[in-house]
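The values are calculated or read from the model by the stated rules, or taken from the named source; none is laboratory data. Everything quoted here is computed from the prediction, not taken from an experiment. Virtual Cβ from ideal backbone geometry, glycine too; neighbours counted across all protein chains shown.
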Amino acid sequence: MLILIAEDDELILKTIEYKLIKEGYSVICTRNGKDAIETIKNTDIDLIITDIMMPFASGTEILAAMKTLNKKIPVIMLSSMGQEEVVLEAFDLGASDFMVKPFSPNELLLRIKKLSNL
C-alpha cells in the first residue's frame, strides 16, 4: 500500500513517515499542497494523509483537485483547527476521515487500517 503524506510540519511529517514505514507501508512525503497534487496526478496512490493548512495549496484544494482528476482515493485530513465548518467542508469535498492535531500515531494507524479494508 502506497501512502502519500502531505504535511508542512517537519516533526509531524517525520513521525508519521517513521510509524508507517515501521508498519510496512510504502510512503511518499510532500511538504506542500502543490507537490501533493503533482504526486497524485503522476502516481497510483492508495491513501492520502494531508494537513489542511499548507503552502501553495491547502488540503481542501487537494480534495478539489482529486475531483477534477476523477481520483477516488481515501483521504485522512489533519488539522489543528477542530472547527465544525472546517470539518464539514473537508467531508463535503470527499475526505474519508478527519483528525485534530495533536493526535496519537497509533490512532492514525488504526484509521489507516480501517480505510484500507473498505
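Side notes on the structure shown:
- Candidates 80, 26, 58: the one that is within 23 Å of residue 106 (Cβ to Cβ) and modelled with pLDDT under 95 is 80.
- The range 75-88, residues that are farther than 20 Å from residue 45 by Cα, touching a residue at least 24 places away in the same chain (Cβ under 8 Å) and surrounded by 16 or more Cβ atoms within 10 Å (Cβ to Cβ): 79, 86
- Residue match in the range 25-35 (condition: over 19 Å from residue 115 (Cα atoms), of a type in the set (Asp, Glu) and touching a strand residue (DSSP E or B) at 6+ places or on another chain (Cβ under 8 Å)): yes
- Condition check for residue 19: buried (at least 16 other Cβ atoms within 10 Å of the Cβ), within 16 Å of residue 107 (Cα to Cα) and charged (D, E, K, R): yes
- Qualifying position, being closer than 13 Å to residue 3 by Cβ, hydrophobic (A, V, I, L, M, F, W, C) and surrounded by 13 or more Cβ atoms within 10 Å (Cβ to Cβ), among 93, 108, 63: 108
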